[in-house]
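One structure below.
The values are calculated or read from the model by the stated rules, or taken from the named source; none is laboratory data. Just so it is clear, the structure is predicted and the values come from calculations on it, not from any experiment. Here Cβ is always computed from backbone atoms with ideal geometry, including for glycine, and neighbour counts include all displayed protein chains. To get the accessible areas, we keep the full protein, side chains included, count just its heavy atoms, and leave off ligands, DNA and RNA. Shrake-Rupley method; radii C 1.70, N 1.55, O 1.52, S 1.80 Å.
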Amino acid sequence: TYNFADCDFEKIREKYQKVIFPALEGYMSGIKSTESNHTVYCGDRPGCLAEIKHLTFSSTQECPLLAKEILTKTNAILTHHCPGYSGIQINNTQAMKKRKKREVTANKCLTQVSNLIELWRHFSRFRRNKS
Amino acid sequence: GESGYAQNGDFEDAELDDYSFSCYSQLEVDGSQHLLSCAFEDPDVNSTNLEFEICGALLEVNCLNFSKLQETYFVKTKKFLLIGDSKICVKLGGKHITCRKMNIVKRVKPEAPFDIRVIYREEANDFVVTFNTSHLQKKYVKDLMHEVAYRQEKNENDWMHVNLSSTKLTLLQRKLQPDAMYEIKVRSIPNTNYFEGIWSEWSPSFHFRTPETTIGEMD
Amino acid sequence: FSDPGGPLHLQIINFNFETVQVTWNASGYSGTNLTFLYKLRSNEMYGQCPNYILQQGRTAGCLLEAEDDGILYFSIRNGTQPLLTKSQWISSYLKPDSPKDLNFQWHEEAVTVTCSDLPHNDLLYEIQFKSTFDTEWQSEEGTTCNVTIVGVDADKCYFFRARVKTMESTYGSDTYPSDWSEVAHQQRGERRDSCQERKLFPRFILVSG
């Protein structure tokens, strides 16, 4: 598993604020993340990025796949600012899902997106000198 | 950052016309649709068979082709990733003539502010200037710097400028000529480290006349 | 904050990451002492509230030391029956401290207002100001407590106040703005004890467009 310790955290933080958060927020369509239980914790910036990557690209019975925009943007940010990180092949991920051709209703992924937002938020709150 | 490079290999013997071009982006210009517009810098370029294409930093697709309206090429889409560089190329007969690396979030041109108006407050001896911007409701480019410019109409180029981030400004009566016709307008530019770009068009101008009387002392 | 799971109306306030206050509206359980169990890490055991808030002698809330920016796991019970069990990042309910000691630097038709920044990321410092001729406050914001306001008339007497808000991308939408700072008065570049309020019969003339 890749160690995110050498990533450019400030650049990632800026791109989360400006580009990923609007996409995640749009996905929540007005539902507050405090309406779900927050169950995923991360203790430092590298740990948060690892959890974010895991939660973004993980597939569950309830939520087989997050919106392509979230996957692609997260992938782009991590590959841009984490040296040696090669990213996830998104098309393949989808090919794998082809067998479970099921209409993913948006709200099936709400809890996952809600936890994802809270991980990104926690990542953003780390002060510059405290990684 | 931007650097331009020509694909000389494609046209070994062709004498390279100047196909340099510039582009600007307008995000969420139509709902969640973005717009990227490009045009040749040399207006005399014969663009009849020339096409534009953008590749890279796109969602779900590798490349998109531009449409053309008179001398402007444009692509309207939701598929801009808004992360990283794209490559924009001029094509002739399907072959790249010249390409540029460009990050569209660094080429944002805001929509022009509108609805500028001036209210004179006799008691306060000042003029309250207000205007509106469509960017307050956007998700991406929300933070703008505005430039208000005003001049006495008879002084052609004697513009005064004020930069502000809010949409309300007070002009002091004692700083303006009495009984004079003034013109005032405003434009905007992105004001964040991430989204950068160029000035919007100017808003339509508003014209107002200052009162004749000179200002009384304020207690 | 009304909890969809039950009749308890809950309010959580994280006072500047120093203390966390959880209060509940126990009208549905009058006469009962509800208990508040909590833990700050998922692998810990629930513990009893160290510092209950009482109302008419009944438990109505709990005051906790906020050790860190983490998840609060809690359960409110009527005897052994859990009424509400939740886990929430305490940052989602942040109420920052209000700004103190505003400083003013006057320049030509502009003033820069400064105060000390709080030690948390992604806060917004809102400065409100009005002269005695204004009926409403006008706002300017900055990501640090260093905000320049243009178009002010040094001759006029101005009221200033400041507060701290949180950015939604970093804290969510359930936080609280800080309380306002004390109101400061300024005229001709100097501090005043007060500004004479005017009986305003505003004569606004929309000059022709």
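Values as computed for the structure displayed
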quantity	calculated
Any chance B:Asp85 is open to solvent by less than 70 Å² (accessible area, probe 1.4 Å), within 24 Å of A:Ile90 (Cα to Cα) and under 24 Å from the mean Cα position of the chain (by Cα)	yes
Of all residues making up the range C:139-155, the number that are more than 22 Å from the chain's Cα centre (by Cα), of a type in the set (Gly, Ala, Ser) and facing chain B (nearest Cβ under 9 Å)	1
First in the range B:153-165 and more than 22 Å from B:Val141 (Cβ to Cβ), second anywhere and among the hydroxyl-bearing types (Ser, Thr, Tyr) and assigned to a strand (DSSP E or B), Cβ under 6 Å, 6 or more apart	B:Met160/B:Tyr150
Residue match in the range C:124-133 (condition: more than 13 Å from every other protein chain (Cβ to nearest Cβ) and either under 30 Å from A:Thr111 (Cβ atoms) or surrounded by fewer than 20 Cβ atoms within 10 Å (Cβ to Cβ) (or both))	no
Which listed residue is surrounded by fewer than 16 Cβ atoms within 10 Å (Cβ to Cβ), at positive phi and among the charged types (D, E, K, R), from B:Glu60, B:Glu71	B:Glu60
Any hit, the range C:94-108, residues being at pLDDT 95 or above, among the hydroxyl-bearing types (Ser, Thr, Tyr), within 27 Å of the chain's Cα centre (by Cα) and not in a strand (DSSP E or B)	yes
Positions within the range A:49-80 being part of a loop (DSSP other than H, G, I, E, B), open to solvent by less than 20 Å² (accessible area, probe 1.4 Å) and within 14 Å of chain B (Cβ to nearest Cβ), in sequence order	A:Leu66
Number of the exception - C:Ser116 against (1) surrounded by 14 or more Cβ atoms within 10 Å (Cβ to Cβ); (2) more than 14 Å from chain B (Cβ to nearest Cβ)	(1)
Meets criteria (open to solvent by 10 Å² or more (accessible area, probe 1.4 Å) and within 14 Å of chain A (Cβ to nearest Cβ)) for B:Lys78	yes
B:Ser37 vs. criteria of a type in the set (S, T, N, Q), in contact with a Gly (Cβ under 6 Å, 6 or more places away or on another chain) and open to solvent by less than 20 Å² (accessible area, probe 1.4 Å)	no
Condition met for B:Lys109 (basic (Lys, Arg) and within 20 Å of B:His161 (Cβ to Cβ))	yes
Residue within the range B:91-103 that is open to solvent by 80 Å² or more (accessible area, probe 1.4 Å), within 19 Å of the chain's Cα centre (by Cα) and not hydrophobic (A, V, I, L, M, F, W, C) present	no
Meets criteria (surrounded by fewer than 16 Cβ atoms within 10 Å (Cβ to Cβ) and within 16 Å of C:Trp89 (Cβ to Cβ)) for C:Ser30	no
Meets criteria (farther than 26 Å from B:Phe195 by Cβ, open to solvent by 10 Å² or more (accessible area, probe 1.4 Å), away from chain A (no Cβ under 14 Å) and out of contact with any Cys (no Cβ under 7 Å at 6 or more places or on another chain)) for B:Asn49	yes
Criterion violated by B:Arg174 - all others in (1) touching a residue at least 12 places away in the same chain (Cβ under 8 Å); (2) more than 30 Å from C:Met167 (Cα to Cα); (3) open to solvent by less than 40 Å² (accessible area, probe 1.4 Å) satisfied	(3)
Given (1) within 21 Å of A:Thr39 (Cα to Cα); (2) open to solvent by 10 Å² or more (accessible area, probe 1.4 Å), index of the condition C:Thr19 fails	(1)
Cβ-Cβ under 9 Å pairs, at least 6 apart or on other chains, the range C:37-52 side more than 21 Å from C:Ala26 (Cβ to Cβ), far side among the acidic types (Asp, Glu)	C:Leu40/C:Glu67; C:Leu40/C:Asp68
Pair list, Cβ < 6 Å and 6+ apart or interchain, from the range A:12-38 residues that are under 19 Å from A:Leu65 (Cα atoms) and more than 7 Å from every other protein chain (Cβ to nearest Cβ) to residues that are open to solvent by 10 Å² or more (accessible area, probe 1.4 Å) and charged (D, E, K, R)	A:Ala23/A:Glu69
Per-region count, the range C:159-174, residues more than 9 Å from every other protein chain (Cβ to nearest Cβ) and open to solvent by less than 10 Å² (accessible area, probe 1.4 Å)	3
